[in-house]
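Worksheet: the structure to be examined is printed underneath.
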Amino acid sequence: MSASSLRFSLLVPFCLAGMGAVVADAHAAGKTIHVSKLGDNSDGSSWEKAFHTISAGLLAVPDDAGGYRVVVRPDTYMEANLYTEHRGAQGAYNELIGDFDGSLGSGAKGWVVIDSGDPEKGFKSYDWWGPVRAYSKGWSAEHTDETFSAICWDRWKLSRLYVTGGDGGLMFDCTDKVEPYTVIVEDCISIGRAFGGGVASCLSRYDEPIVFRRCQLWALDWWGDTAAAYVRVENQAIPERPDVIFEDCSMISPQCGLKGGNFGFHTYMRVKLERCKLIALNFSQPQGTPIDGVIQSVESGKYLHVDLKDTDVMGYKVFGARVNKETAGELGYTTAGACRAYVQYQQDCPAGFARLAQWPIDVFEYVAPPPPDAAPDWRPTRDAASVQSAAPAHSPAMVKLPWAINEDAMEVTPVIFKGRPLLMMSRRSGGSNVDLEHTYLYIRDLITGSEISRFASAHSFGCAFVNGDELNVFAAEYSADDWSKDIFRFSTTDLKEWKREPAIMRQGDEHLFNSSVCRDEQGFLMAYESNKPVQFCFRFARSSDLKEWKTIENTCFTGENSEYSACPCLRYIKPYYYVIYLHTAVGGRQGWEAFLARSKDLSEWELSPLNPILIASAGEGTNNSDVDMFELEGKTYLYYSTGDQATWGAIRCAMFPGTMEQFFAAYFPEGVAGKKAVAGRGP
């Protein structure tokens, strides 16, 4: 992500939040106009006096002062080419809103359906014919009416509308009025032959961006300049900040999900896609008629820049240019979070995207359009099965902090020892060719960053636990010829002198690795990793004094289906034991991801319905492993390893803005059941 992109991503939430407040506050000073087929069609001042058509309600807005709201009773309105004679105002947007939940007093719930088809013959497909009035004289020999611009919708917000039946959905073409323009579209379904939604022939306001939020945008045709989301902003160069923002939108079309520009246009635009799902339904083979890209720039790749975050793309290939196809590589983009691509197997997956090898069922479940009479909360419920493969953008508010430690360290534990925040670190050099001289444990001061203690030569996979004035570190003995061996305890009271003694001895030919210790009502509990019976899994042991440990028989955690379950991080918050552990990547991603489970008895476990809780972001390789955590000043910090588990890695940290108890509760939301697992003997 570029510096300008990062600045924008930090500023946008405050900007949009402010815009929402502006729109809401403006209503108090404005006027509400009612539309309902049950009204008397007089002046729209109440539901009883409501206008019968949306067009009448829009034309009743009397001036450009802004702050007016046209509210519509759920029903089907056979109307096309809607327009308003008055724009909204800065700080006082106008609104067209469907009373989807009855909260505005219409007495009904459901969708306001705007159908622009022929009332007797059905779907009406004709250039410029659709829900939003826009027209260019001379477009063809038949286009003889005077040019009309959708600039009239400037500083309007449209919400909870189901728009269909015409050439474009909520598509705002400003035609000959290339001026600064803002429109906000929220919680709408927008379907058109050519366009699902978008803007054209305008300029943008970076302090008041054009926004489509929580919308489903569908285009039904594959010919010409069609697109689920169409953008043409007339900049003379790529701007530093996006012109148009799509948040939590689904964009589906036979030709492409997002298109920038048009034939013969040589202007520049920038688009931000956050938590969006783009699907181009033409999955043709190379020798057939494949699309130019799920994300396309028409004339040349250089005219479009896209910033993607936590976004899924499905289709023949991700990026393309329609006219000058060889310029596809000039299309600019950044990625952040978890961006995934499901593309034809012979096509390249762009850098920054995780390639999906399996059909992403969760994406298709998410984008299915609802029926017109769907409940107001029409977006699908995220149950345990679908959330398993979701990106972490939908998880509780955990933020990855923008720094990393890169010094051959893997397993780390943050602790507070004698009031001092420290980081115990395991250095293990040499990869598969173990360098025992540089394999040891050490302690860094988290305030100064300085190394203050080094110990446990030829030991690794360390974890730390504070017991009063004593710091305990448990680590596996490491060797060049026999991998990892038994687990030993190292203890100190002054960070200078360390005492070593055995803790967990191997059984048979097994090898021991990571461990984690917590305190409960019975004393101390350890989870420790083994390569038997599943490579990898973890067992449990108890102690009353941190010295003598006894393994709990017949209790071995192997996940839901006797599967890879490594790197346990164990905590106890009555009545639950919680363990964060490493799982192979799900949802078609590659690598390793952090899962969370809880249990009251160490035998029956419930997996978080929000798993995985950590997945590799852009620049982190394929790995988020070896999680350990502590609570500091009311916030919870999770330290973890990135990389590829073979040739490189770094230590990073994620922060949850709450206590550890709040953190665990957030990942087990009430009313959402997670999958079950039993810790038994293993397979």
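Just name the residue that is modelled with the lowest pLDDT out of those in region 543-570 that are on the phi > 0 side of the Ramachandran plot and either touching a Pro at 6+ places or on another chain (Cβ under 7 Å) or not in a strand (DSSP E or B) (or both). The extreme case among them is Ser562. Tell me, please, whether a residue that is in contact with a Leu (Cβ under 7 Å, 6 or more places away or on another chain) and of a type in the set (Ser, Thr, Tyr) can be found in region 646-664. So far as region 646-664 goes, no, none of its residues is in contact with a Leu (Cβ under 7 Å, 6 or more places away or on another chain) and of a type in the set (Ser, Thr, Tyr). Residue-level analysis places Ile580 outside the set of residues that are in contact with a strand residue (DSSP E or B) (Cβ under 6 Å, 6 or more places away or on another chain), surrounded by fewer than 20 Cβ atoms within 10 Å (Cβ to Cβ) and either free of Cβ contacts under 8 Å to residues at least 60 places away in the same chain or closer than 15 Å to Ser515 by Cβ (or both). Contact map, region 440-465: residues that are closer than 20 Å to His511 by Cα and in the same structural domain as Met425 (by TED's automatic domain parsing) paired with residues that are of a type in the set (Lys, Arg) and buried (at least 18 other Cβ atoms within 10 Å of the Cβ), Cβ distance under 9 Å, separation 6+ or inter-chain. Pairs shown: Tyr440/Arg427; Tyr440/Arg428; Leu441/Arg427; Ser460/Arg427; Ser460/Arg428; Phe461/Arg428. The residue list Ala228, Ala237 contains one member that is aliphatic (A, V, I, L, M), assigned to a loop (DSSP other than H, G, I, E, B) and in contact with a strand residue (DSSP E or B) (Cβ under 9 Å, 6 or more places away or on another chain), which is Ala237.
Just one residue in the set Val163, Val178 is out of contact with any helix residue (DSSP H, G or I) (no Cβ under 6 Å at 6 or more places or on another chain), in contact (Cβ under 8 Å) with a residue 24 or more places away in the chain, among the β-branched types (Val, Ile, Thr) and part of a loop (DSSP other than H, G, I, E, B); that residue is Val178. Looking across Ala677, Ala654, one residue alone is in contact (Cβ under 8 Å) with a residue 24 or more places away in the chain, out of contact with any helix residue (DSSP H, G or I) (no Cβ under 9 Å at 6 or more places or on another chain) and closer than 22 Å to Phe540 by Cα. It is Ala677.
Summed over region 192-218, the residues that are in a strand (DSSP E or B) and within 24 Å of the chain's Cα centre (by Cα) give a count of 10. Could you tell me whether any residue of region 71-86 is assigned to a loop (DSSP other than H, G, I, E, B), at pLDDT 90 or above and farther than 21 Å from Thr164 by Cβ? Checked region 71-86: at least one residue is assigned to a loop (DSSP other than H, G, I, E, B), at pLDDT 90 or above and farther than 21 Å from Thr164 by Cβ.
Among the residues that make up region 557-566, is at least one of them under 30 Å from Lys418 (Cα atoms) and assigned by TED's automatic domain parsing to the domain that holds Thr636? Looking through region 557-566, none of the residues is under 30 Å from Lys418 (Cα atoms) and assigned by TED's automatic domain parsing to the domain that holds Thr636. Gly671 meets the stated requirement of being without any contact (Cβ under 8 Å) to a residue 12 or more places away in the chain, surrounded by fewer than 21 Cβ atoms within 10 Å (Cβ to Cβ) and assigned to a loop (DSSP other than H, G, I, E, B). Here the condition is being modelled with pLDDT under 90, in a loop (DSSP other than H, G, I, E, B), among the small types (Gly, Ala, Ser) and not assigned by TED's automatic domain parsing to the domain that holds Glu186; of Ser125, Ser42, Ser106, Ser46, it holds for Ser125 alone. Highlighted here are the strands (runs of 3 or more DSSP E) found entirely within region 314-364 that include at least 1 residues which are of a type in the set (Val, Ile, Thr) and at pLDDT 90 or above: 332-336. Looking at region 365-376, which of the residues that are over 16 Å from the mean Cα position of the chain (by Cα) and of a type in the set (A, V, I, L, M) is modelled with the lowest pLDDT? Filtering region 365-376 for residues that are over 16 Å from the mean Cα position of the chain (by Cα) and of a type in the set (A, V, I, L, M), the one modelled with the lowest pLDDT comes out as Ala375. Selection of first residues in region 218-234 that are hydroxyl-bearing (Ser, Thr, Tyr) and of second residues that are assigned to a strand (DSSP E or B), restricted to Cβ pairs under 6 Å at least 6 apart or on distinct chains, gives the following pairs, ordered by first then second residue: Thr226/Ala194; Thr226/Ala219; Tyr230/Phe195; Tyr230/Gly198; Tyr230/Lys259.
Of all residues in region 431-438, one or more are surrounded by fewer than 21 Cβ atoms within 10 Å (Cβ to Cβ) and either small (Gly, Ala, Ser) or under 18 Å from Ser516 (Cβ atoms) (or both). Residues in region 277-300 include none that are more than 17 Å from Tyr230 (Cα to Cα) and either touching a helix residue (DSSP H, G or I) at 6+ places or on another chain (Cβ under 6 Å) or aliphatic (A, V, I, L, M) (or both). With respect to the conditions (1) in a strand (DSSP E or B); (2) in contact with a Phe, Trp or Tyr (Cβ under 8 Å, 6 or more places away or on another chain), Glu437 falls short on a single one, namely (2).
Note on region 290-313: among residues that are among the acidic types (Asp, Glu) and in a strand (DSSP E or B), the one that is surrounded by the fewest Cβ atoms within 10 Å (Cβ to Cβ) is Asp307. The set of residues in region 99-126 that are under 17 Å from Gly168 (Cβ atoms) and among the hydroxyl-bearing types (Ser, Thr, Tyr) comprises Ser116, Ser125, Tyr126.
Give me the pairs: first residue in region 549-573 and surrounded by fewer than 16 Cβ atoms within 10 Å (Cβ to Cβ), second residue among the polar types (S, T, N, Q), beta-carbon distance under 6 Å, and six or more apart or on different chains, which are they? Listed pairs, sorted by first residue: Tyr564/Thr584.
The values are calculated or read from the model by the stated rules, or taken from the named source; none is laboratory data. What you see is a predicted model, and the numbers here were worked out from it, not measured in a lab. Don't worry about glycine lacking a Cβ; one is built from the backbone with ideal geometry, like all the others, and counts go over all protein chains shown.
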